[in-house]
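Asks: I have a structure here, written as structure tokens, and I will follow up with some questions on it.
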Amino acid sequence: MKTVIIILISFSLSFQIFAQNNKNLCSVSKTGFYSSLLNPSKIQYPGDETIDVTYARLNLSVNYDTRQLSGDVVIRAKSKVQGLTDFFLDLQNSFTVDSILSNGNALSFTHSENKIFITLPKSYSLDENFSVDIFYSGVPGSSGFGSFEFGTHKGKPAIWTLSEPYGSSDWWPCKDTPADKFDSSDVWITSDKQFYSVSNGTLTAIKDNGDGTQTYKWKNHHPIAQYLISLAMANYSIYKNKFVYGADSMDVVHYIYPEKIDGLKNTLDETVNMLKVFSDLFGVYPYMDEKYGHAEFGWGGGMEHQTVSSMGSFGETIQAHELAHQWFGDKVTCKDWHHIWLNEGFATYSEALYKEAAHGKDAYKSEINGDINNAKHAVGSIYVQDISSVNEIFDGSRSYSKGSVVLHMLRGIVGDSVFFNILKSYLNDPQLAYNVATTEDFQRVAESVSGMDLNYFFREWIYGEDYPVYTFNWNYSKVNGQHYLFNLNVSQTNHSNPAFFTMPIQVKVTTTAGDTLLTFFNDMQIQSFSAEILGEPQNVTVDPDNFILKDIQQITAVNGNANNIPENFVLKQNYPNPFNPTTTIKYTIPVAVKTLHATSQLVQLKIYDVLGKEVVTLVNKKQSPGNYSVTFDASGLPGGIYFYKLQVNSLQGVTTGFTETKKMVLLK
């Protein structure tokens, strides 16, 4: 059977499409497919900056059997320079451009280097509008996975697009950059009746053409990035929900393969609650006058096409991620791929926010801990240095997980109320709403709302690399009564960019009078702090809410004087035990012989697994007589039985050596 599809798309410039399953599966899938299919030499970025595209209309005819596409695309634009006489659009060389018209008159053009160079009929003034109509045909390309894909499901035909980051010009002539968003768009799709054809915005009509085909007319009323324009076509079953928010309501429409629909209804129903949660946190869903929904397609992840996410799988995490993109990525779009974290980091963090709203704070912490563990594998800066590499753009550890953790850390610095005001202000900023943004735009909003100078934060976390590795030492002295002076020494290992990290560090001091939470602003590589507190300190927890992406090499307490220190070595049982994920190990180095010669000894405290394999060294240095407390963080380890061993070398003629091992249990 011969399948012929005619697609008419009319839309304003702003197209963003990104696929995502979860923070790892999405990025791994995307980078894997793109890196194998993308030809870096074809990337011509960021499009012709002499024009501002305001609208486009695509009329496409697609033959499913021959995989051929022919099109009639109208582009409306205005000149951004004085005296514009020519410009270019991006379209792959696999297509043949038959003719280009303006006001019915044929224009001169050339098509090479994956661009159409067009000579205008006259010289256009600054901000003067013009329109061109481009007729072309050929075979859609695959510079990215699924730019324009002919597939099947259960033996039935299916067609879909996925154009992020550089795939739009594989199937239609466009200005292929997210920096220039169209003002609006229309998509008309004519195809065999076996297809239900889905695109962005509102379905305004379905026309029976009387020849075995139907035309679906879609209208998008909002600015949209080029990579967010999409098509999804199959013999869909349709399942609907209703989202009501205040006085407004909207259809939530799911276009699902018939063989999947019955098993997905409960999962799809959760979308309505997600819409409410995110509308409460970020402001009302940006496209309430149109729709939200999912269109199933043949790729393994998901892609946040505006108003209708293309989905290859379903579940709480991927659905929350793609929905969050409607705010972060679609309403406010990264201006270029250097700043992709503004899309992916925000959507990944939104997964944790939904977990928090739906399942509680512990679920949020669990999700963030996963992001933190992934972020520690990030190499390079969150700001993408090489946007010719899809692996670099969609690096899961960096653009997704570390981007998410940056928002988690910002929330810890400014507090919940201010943080969510920052997000709403960012999305509603007059310069950014339904437009594009860079990191500097988000920083500007964050500083304005919080009243804080956050330049140090964005410089080190977005443009810097790695994360801090801390060592803490603490002690105290009595002031009077129940008042004590708490002293904390902080040191960081050396880095290159930045040399060290500037961060406010929260410290919970457990005392005989209760807990005291202190915050110290650490802006030096080696720094000391003091604070007067109520009650004698018993234990210290650094960063108790795990707000900082970090490693802690050691937390050591040294208390008392030689007269109060026992004359025997002591290794205490860790507390708590069992534990998850942190526990405290305390030990005593005694005064065996009171000579200057004997004031310090080489001390080692190591952790071993049940097979006797060394897991980590907590202490490996000379220590003076005193009482010590070391915190062990097992976040990255599997649950099970572990052993900790204290070993102190003997000093010949002065002290005897000491070795003792105790068992502890990590529950996960």
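The values are calculated or read from the model by the stated rules, or taken from the named source; none is laboratory data. Please read these numbers as outputs of a predicted model, since none were measured by experiment. Note that we place each Cβ from the backbone using ideal geometry, even for glycine, and neighbour counts take in every protein chain shown. Just the protein is used for accessible areas: all its heavy atoms, side chains included, with ligands, DNA and RNA removed. Shrake-Rupley method; radii C 1.70, N 1.55, O 1.52, S 1.80 Å.
Asks: Is there a residue in the range 260-279 that is touching a residue at least 60 places away in the same chain (Cβ under 8 Å), over 23 Å from ASN428 (Cβ atoms) and outside any helix (DSSP H, G or I)?
Replies: Within the range 260-279, not a single residue is touching a residue at least 60 places away in the same chain (Cβ under 8 Å), over 23 Å from ASN428 (Cβ atoms) and outside any helix (DSSP H, G or I).
Asks: Return yes or no: is VAL418 open to solvent by 40 Å² or more (accessible area, probe 1.4 Å), of a type in the set (A, V, I, L, M, F, W, C) and out of contact with any Leu (no Cβ under 7 Å at 6 or more places or on another chain)? Please lay out each step first, then the result.
Replies: On the way: open to solvent by 40 Å² or more (accessible area, probe 1.4 Å): yes; of a type in the set (A, V, I, L, M, F, W, C): yes; out of contact with any Leu (no Cβ under 7 Å at 6 or more places or on another chain): yes.
Considered against the rule, which asks whether it is open to solvent by 40 Å² or more (accessible area, probe 1.4 Å), of a type in the set (A, V, I, L, M, F, W, C) and out of contact with any Leu (no Cβ under 7 Å at 6 or more places or on another chain), VAL418 comes out as yes.
Asks: In addition: Scan (1) at pLDDT 95 or above; (2) crowded, with 21+ Cβ neighbours inside 10 Å for the single condition HIS153 breaks and write down its number.
Replies: Here HIS153 meets the rest and fails (2).
Asks: Looking at SER279, SER249, which is the one that is surrounded by 17 or more Cβ atoms within 10 Å (Cβ to Cβ), in contact with a Phe, Trp or Tyr (Cβ under 9 Å, 6 or more places away or on another chain) and either of a type in the set (Ser, Thr, Tyr) or farther than 18 Å from TRP160 by Cβ (or both)?
Replies: Only one candidate passes the filter, namely SER279.
Asks: Of GLU290, GLU304, which residue is under 18 Å from the mean Cα position of the chain (by Cα) and touching a residue at least 40 places away in the same chain (Cβ under 8 Å)?
Replies: Every option except GLU304 fails the conditions.
Okay, residues lined up against (1) open to solvent by less than 40 Å² (accessible area, probe 1.4 Å); (2) outside any strand (DSSP E or B); (3) modelled with pLDDT of 95 or more:
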residue	(1), (2), (3)
TYR166	yes, yes, no
ASP186	yes, no, no
GLN194	no, yes, no
THR204	no, no, yes
ASP211	no, yes, no
GLN214	yes, no, no
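Asks: Out of the residues in the range 28-64 that are acidic (Asp, Glu) and open to solvent by 20 Å² or more (accessible area, probe 1.4 Å), state the one that is modelled with the lowest pLDDT.
Replies: Within the range 28-64, the subset acidic (Asp, Glu) is 48-49, 52.
Still in the list and also open to solvent by 20 Å² or more (accessible area, probe 1.4 Å): 49, 52.
On the way: GLU49: 94, ASP52: 97.
It comes out as GLU49.
Asks: Between a residue in the range 74-100 that is at positive phi and any residue that is exposed (fewer than 14 other Cβ atoms within 10 Å of the Cβ) and at pLDDT 95 or above, which pairs come within a Cβ distance under 7 Å, given they are 6 or more apart or on different chains?
Replies: GLY83/SER123
Residue by residue, here is whether (1) open to solvent by 20 Å² or more (accessible area, probe 1.4 Å); (2) outside any helix (DSSP H, G or I); (3) touching a Pro at 6+ places or on another chain (Cβ under 7 Å) holds:
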site	(1), (2), (3)
GLN431	yes, yes, no
ALA446	no, no, no
ASP453	yes, yes, no
PHE457	no, no, no
PHE472	no, yes, no
ASN475	yes, yes, no
VAL479	yes, yes, no
ASN487	yes, yes, no
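Asks: Consider VAL449 carefully, then state whether it is within 24 Å of LYS424 (Cα to Cα), touching a residue at least 24 places away in the same chain (Cβ under 8 Å) and hydrophobic (A, V, I, L, M, F, W, C).
Replies: For VAL449, the condition - within 24 Å of LYS424 (Cα to Cα), touching a residue at least 24 places away in the same chain (Cβ under 8 Å) and hydrophobic (A, V, I, L, M, F, W, C) - is met.
Asks: Being in a strand (DSSP E or B), crowded, with 16+ Cβ neighbours inside 10 Å and in contact with a Cys (Cβ under 8 Å, 6 or more places away or on another chain) is the requirement here; does VAL509 meet it?
Replies: Answer is no for this residue.
Asks: Follow-up question, since we're still on this one. How do the strands (runs of 3 or more DSSP E) wholly within the range 516-567 filter down when requiring 2 or more residues that are over 20 Å from GLN492 (Cβ atoms), touching a Gly at 6+ places or on another chain (Cβ under 7 Å) and at pLDDT 95 or above: which remain?
Replies: Hits in the range 516-567: none.
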